[in-house]
1. Examine region 25-44 for a residue that is open to solvent by 40 Å² or more (accessible area, probe 1.4 Å) and aromatic (Phe, Trp, Tyr), and state whether such a residue exists.
2. Please go through (1) surrounded by fewer than 17 Cβ atoms within 10 Å (Cβ to Cβ); (2) within 13 Å of the ligand (Cβ to nearest atom) for Asp226 and return the number of the only condition it doesn't satisfy.
3. If I ask for residues that are surrounded by fewer than 22 Cβ atoms within 10 Å (Cβ to Cβ) and among the charged types (D, E, K, R), which ones from region 48-95 would you list?
4. Which one of these is aromatic (Phe, Trp, Tyr), within 16 Å of the ligand (Cβ to nearest atom), at pLDDT below 95 and open to solvent by less than 10 Å² (accessible area, probe 1.4 Å): Phe208, Phe212?
5. Out of (1) at pLDDT 95 or above; (2) of a type in the set (A, V, I, L, M); (3) surrounded by fewer than 20 Cβ atoms within 10 Å (Cβ to Cβ), the odd one out for Ala161 is which?
6. Can you go through Arg177, Arg249, Arg233 and tell me which one is of a type in the set (Lys, Arg) and within 16 Å of the ligand (Cβ to nearest atom)?
7. Can you tell me how many residues in region 203-256 are closer than 27 Å to Leu109 by Cα, of a type in the set (Gly, Ala, Ser) and assigned to a helix (DSSP H, G or I)?
8. Could we say that Pro169 is over 19 Å from Gly51 (Cβ atoms), within 14 Å of the ligand (Cβ to nearest atom) and crowded, with 18+ Cβ neighbours inside 10 Å here?
Amino acid sequence: PCDKRDFMTTNQTWNPEAYARNAGFVAQLGEPLIDLLAPQPGERVLDLGCGDGVLTEKLATAGCIVVGVDGSPEQVAAARAKGLDARVADGHNLPFDGEFDAVFSNAALHWMREPDRVIAAVARALKPGGRFVGEMGGAGNIASVWAALVDTLARRGIDAAAFNPWYFPTAEEYHARLEAGGFVVKSITLFPRPTTLPGDISGWLETFGGTFLSPMDAATRAQIIDELRETLRPALLTPEGVWVVDYVRLRFSASR
Ligand code: BEZ
C-alpha cells in the first residue's frame, strides 16, 4: 500500500478548487504582509509563490505592475484566470534580472528547500535598493502535525524526515542568510499564529500533506488521515469543535 521509495519521486501537487476551499485563509492571513510591503502605485512587484493569485490581485489593485510566479501549473492557471500575469517558475532559479522594485512572498518560501539559492535569485530579480518582504513558516511551525506525521509514518517503517518538503528557519538563521545574500534586514520576527481551519483537519492534511499522502493508495491514505486526526484531536480540536493548528510565522522586510 505504501512503499517508501514512492516518496522520492512524488511531489506535492495543488488542486486550485480544493485549495480555495481548504486554504483560503492563507491569503486572508497574508494581508498584513501587504501593509509591511507598502506597495506604491506603478511599482513593479514580483509575487514569489503566488498560488492562485488572491494576494497578487490585491497588489494589482494597489496599482502595482505585478508578475506572479509559482511552481504549480495548476495554481498559475487559476491566477491567470483572474486576469493576472502569472508564470510557472522555480524560486531557486528565477528568470529575472534587475527588474523589480520589490519581491513579495507569502506562505511559499517554506516549500523551497535551498534558501540560499532562493535568496540569490530574489536579489538578482531586484533593482538596486529593491526590497524583499516575506512571510513563511518559521521554527516550530506545525510542530504537533509534524510530530504526528513522524510517528504515524514510522509505524509503517517510513522516515518522514527523509522526505520533509518544508523549511522552517529561526529568525537568526534567516537573518544571517539574507545578510550573506547581500540584503540589509530592516525587520525579522518569529511569532506564533495559531490558525483556525475552515473545516476539518483532514482537509488540511489532504491539501498540504501531499508529499506524504499522494504516494499511497486511497485506503491507506484514509487510514493514515484517520490516525493523524485521532492523534491530533486532543491538542488541536477545541471544545467548540474547531481545529486550530499551531502555525508559527517568520515575517521579514529587507532591502538590497
Ligand atoms: C505554512 O506554514 O503555511 C504551511 C507549512 C507547511 C504545510 C502547510 C502550511
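1. No: region 25-44 contains no residue that is open to solvent by 40 Å² or more (accessible area, probe 1.4 Å) and aromatic (Phe, Trp, Tyr).
2. (2)
3. Hits for region 48-95 are Glu57, Lys58, Glu74, Arg80, Lys82, Asp85, Arg87, Asp90.
4. Phe212
5. (1)
6. Just one listed residue meets the conditions, Arg249.
7. Total meeting the criteria: 3.
8. yes
The values are calculated or read from the model by the stated rules, or taken from the named source; none is laboratory data. Here the structure is a predicted model, which means the values were calculated and not measured. In this analysis, Cβ positions are derived from the backbone assuming ideal geometry, glycine residues included, and neighbour counts consider all displayed protein chains. Areas reflect the complete protein model, heavy atoms only, side chains present, ligands, DNA and RNA absent. Shrake-Rupley method; radii C 1.70, N 1.55, O 1.52, S 1.80 Å.
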